[in-house]
1. Could you work out the local net charge near L40, counting Lys and Arg as +1, Asp and Glu as -1, over the other residues with Cβ closer than 9 Å to its Cβ?
2. Given charges of +1 on the Cβ of Lys and Arg and -1 on the Cβ of Asp and Glu, with all other atoms neutral, how large is the dipole of the chain about its Cα centre, in debye to the nearest 20?
3. With the convex hull built on the Cα atoms of the chain, state its orientation-averaged projected area in nm².
4. Put +1 on the Cβ of each Lys and Arg and -1 on the Cβ of each Asp and Glu in the chain; which of Y35, A20, T78 then has its Cα farthest toward the positive end of the dipole?
5. Can you tell me how much longer the chain between L64 and S51 gets when fully stretched, taken as 0.36 nm per residue apart minus their C-alpha distance, in nm with one decimal?
6. Note down the relative contact order for region 2-62 as a percent, whole number, built from C-alpha pairs under 8 angstrom at least six residues apart.
7. For region 1-63, state which GluC sites (Glu not before Pro) are in a DSSP loop and have at most 12 other beta carbons lying within 10 Å of their beta carbon.
8. For region 10-29 and region 51-79, write down the distance between their C-alpha centroids in whole Å.
Amino acid sequence: MRFVVRDRPGIVAEVAAVFAKFGISIDALLQKPGYPHSALPFIMTLESCSSFLLDRALEEIGRLDFHVERPLCLPILTQ
């Protein structure tokens, strides 16, 4: 998942709470320094989960008020 947000305290907690509500676990989080707080990108890698539950979680996360861009979900394909 890639998010671009207007930075403020609590964003990661809000996103994590929605994922937890749907039983989706976060595997990793990456946020590199040096980006403006008005459009701060960060990436979350999630544990494998149901696409149905992920879609429901993303609908809820998309309604949160800090997004600068729509969240981007890219699957990690494994063999």
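Rule-based calculations on the coordinates, nothing more; no lab input. These figures come from a predicted structure and were not determined experimentally. Ideal geometry is used to build each Cβ from the backbone, glycine not excepted, and the neighbour counts take in all protein chains shown.
1. Summing Lys and Arg as +1 and Asp and Glu as -1 gives 0.
2. 140
3. Over every viewing direction, the Cα hull of the chain projects on average to 5.3 nm².
4. Result: Y35.
5. Details: separation 13, 0.36 × 13 = 4.68 nm, distance 2.02 nm.
Residue separation times 0.36 nm, minus the Cα-Cα distance, leaves 2.7 nm.
6. Computed value for region 2-62: 43 percent relative contact order.
7. E47
8. Answer, in whole Å: 11.
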